[in-house]
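Okay, so here's the structure we're looking at.
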Amino acid sequence: MLREDDPHFERFGEIYFSTVYPGVIKGWHIHKKMTLNYAVIMGAIKLVLYDDRQGSPTNNEVQELVVGEDNYSLVTIPPLVWNGFKGIGTKTAIVANCSTLPHDPDEILRKDPFDPSIPYDWALKHR
């Protein structure tokens with residue numbers, strides 16, 4: 001998942017696992033100081049990022065990624081980028097996060113998954 005000699009490795013804070021059932025949404029949240037390093041070790045999720053940082057080159061952009069067993073990757077999310085995920089497929093997904101800081105409830109902000117300030121629709125899209 002992540003090695004200390006990887007060029008994108010910052011530091012180790014903690015590693016934890018989160019489960020999400022198919023169709024369930026966990027989001028939105030943002031960390032003030034912590035960098036997240038997500039990998040989905042079982043199942044699949046739709047991971048969505050929204051950047052509302054003033055002056056950022058990706059300000060007001062939404063990025064949607066499908067991550068899981070069929071598309072294994074490490075996704076690094078910097079501080080102050082909103083993120084959330086939805087379980088997809090037919091089985092429970094397990095998301096591993098190797099964060100740069102230990103959990104601190106005062107360091108995280110949350111929004112409802114359907115908060116209109118983030119321009120994203122969690123509905124399934126057929127392409």
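Being within 25 Å of residue 89 (Cα to Cα) and either modelled with pLDDT of 95 or more or not in a strand (DSSP E or B) (or both) is the filter here; which residues of region 17-33 pass it? Within region 17-33, 17, 18, 19, 20, 21, 22, 23, 24, 25, 26, 28, 29 qualify.
Conditions (1) small (Gly, Ala, Ser); (2) surrounded by 15 or more Cβ atoms within 10 Å (Cβ to Cβ); (3) under 19 Å from residue 41 (Cβ atoms), marked per residue:
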position: 83; (1), (2), (3): no, yes, yes
position: 91; (1), (2), (3): no, no, yes
position: 105; (1), (2), (3): no, no, no
position: 113; (1), (2), (3): no, yes, no
position: 117; (1), (2), (3): yes, no, no
position: 120; (1), (2), (3): no, yes, no
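Taken together, the residues in region 1-29 that are touching a strand residue (DSSP E or B) at 6+ places or on another chain (Cβ under 8 Å) and of a type outside the set (Gly, Ala, Ser) amount to 17. Is one or more of the residues making up region 34-42 closer than 24 Å to residue 93 by Cα, touching a helix residue (DSSP H, G or I) at 6+ places or on another chain (Cβ under 9 Å), modelled with pLDDT of 95 or more and not in a strand (DSSP E or B)? Yes, region 34-42 has at least one match. Restricting attention to region 43-98, the residues that are touching a residue at least 60 places away in the same chain (Cβ under 8 Å) and hydrophobic (A, V, I, L, M, F, W, C) total 9. Scan region 30-59 for residues that are among the polar types (S, T, N, Q) and out of contact with any strand residue (DSSP E or B) (no Cβ under 7 Å at 6 or more places or on another chain) and jot them down. Result: 54, 56.
The values are calculated or read from the model by the stated rules, or taken from the named source; none is laboratory data. Quantities reported herein were computed from a predicted structural model and do not represent experimental measurements. So basically every Cβ, Gly included, is an ideal-geometry build from the backbone, and we count neighbours across all protein chains shown.
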